[in-house]
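**Q** Following this message is one structure expressed as structure tokens.
The values are calculated or read from the model by the stated rules, or taken from the named source; none is laboratory data. The structure presented is a predicted model; accordingly, all values stated were derived computationally and were not measured. Neighbour counts run over all protein chains shown; Cβ positions are idealised from the backbone, glycine included. Heads up: the accessible areas ignore ligands, DNA and RNA and are worked out on the full protein's heavy atoms, side chains in. Shrake-Rupley method; radii C 1.70, N 1.55, O 1.52, S 1.80 Å.
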Amino acid sequence: MVMLVKTTPLFFLLLAVTAILLIAGCTQQQQVQTPSTPGQTTMPASDTVQVTASTLGNILVDAKGMTLYYFANDVPASGASSCTGQCAVIWPVFSAGAIQVSSPLSTADFGTITRADGTSQTTYHGWPLYYFQGDAKPGDVTGENVQKIWFVIKPGENVLVAHTPALGLYLTDGAGNTLYTFTKDSSGTSACTGACLAKWPAFGAATVSAPSVLDPSGFSAVSRADGVNQTAWMGRPLYYYAGDTKPGDVNGQGFNNLWYVANVSGTIPVVTTMPATVPATASTSLSSGGGGY
């Protein structure tokens, strides 16, 4: 015997409400799991700094999606900002207070400095962070390469550009440690081996992430007989200097008239003297071995 269930208007109403709730739940779940921009990582709305996709690749933005920048004149981890007065009007400081981030970012990479005027500023890998007054909406990156000294900050960036009036634009690693070139090298080949390499460690990156002012095709891998991983810029192998102890140091500049900061143009600057910051004994103590290193 087939039992008939009597349906009522209330039954149909409850059925419709249940269907709406199920559809809404599925839609909401789909929105959370699917980034709105290809390649973009979805972050909780409460994150103070986020990673988002842009025309320049993945970049750092604030909670509202406004782009964050670094200033090549700053010295990372120095606890100070070089942008004051009218500069700070055009490039307002970013100050987030307590940092909350999601992968691939880590709270350990962020810090806070106290500026000369007593206000706070957030840093990333020691670099003070800024907005650009010319950015009108989330996603704008109009401050990139302004005056060739302002750049968007990217997660995992391992080559950056620094600037001083004396040296111009030169390359550093992501933490601001100066990179050098050796005039005895030939294109794509290093002449610095053995004891030389102990004093001038090779800089190597499997994949280079750098500001747009540096053409990605300008970076290449160096083929070394000792198997050491090394990266070249414009064909010139890149090195650190053992005499540099902190970001911003350029103690290797002009060393023995053979070692120079890695110029953005890839050329060797016409400098024939040691910087005043290098101890008088440095040339003797670090150049033993007769190899010019």
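**Q** Given the peptides 184-191, 158-165, 113-120, arrange them by the average over their residues of other C-beta atoms within 10 Å, most packed first. Could the numbers behind the result be given before it?
**A** Numbers: 184-191: 15.1, 158-165: 18.8, 113-120: 12.1.
Averaged packing, sorted descending, gives the order 158-165, 184-191, 113-120.
**Q** Quick one: pull the percent of accessible area on the range 102-205 belonging to carbon and sulfur, 1.4 Å probe, ligands and nucleic acids left out.
**A** Heavy-atom surface of the range 102-205 belonging to carbon and sulfur, 1.4 Å probe: 53 percent.
**Q** Cut-off under 12 Å on the C-alpha distance; same-chain residues fewer than 8 positions from K199 excluded. Which aspartates and glutamates are left, in chain and number order?
**A** D244
**Q** In square angstrom, what is the accessible area per residue of the range 107-189 with a 1.4 angstrom probe? Write down the numbers at each step before the final one.
**A** Numbers: 3330 Å² over 83 residues.
Result: 40 Å² of accessible area for each residue.
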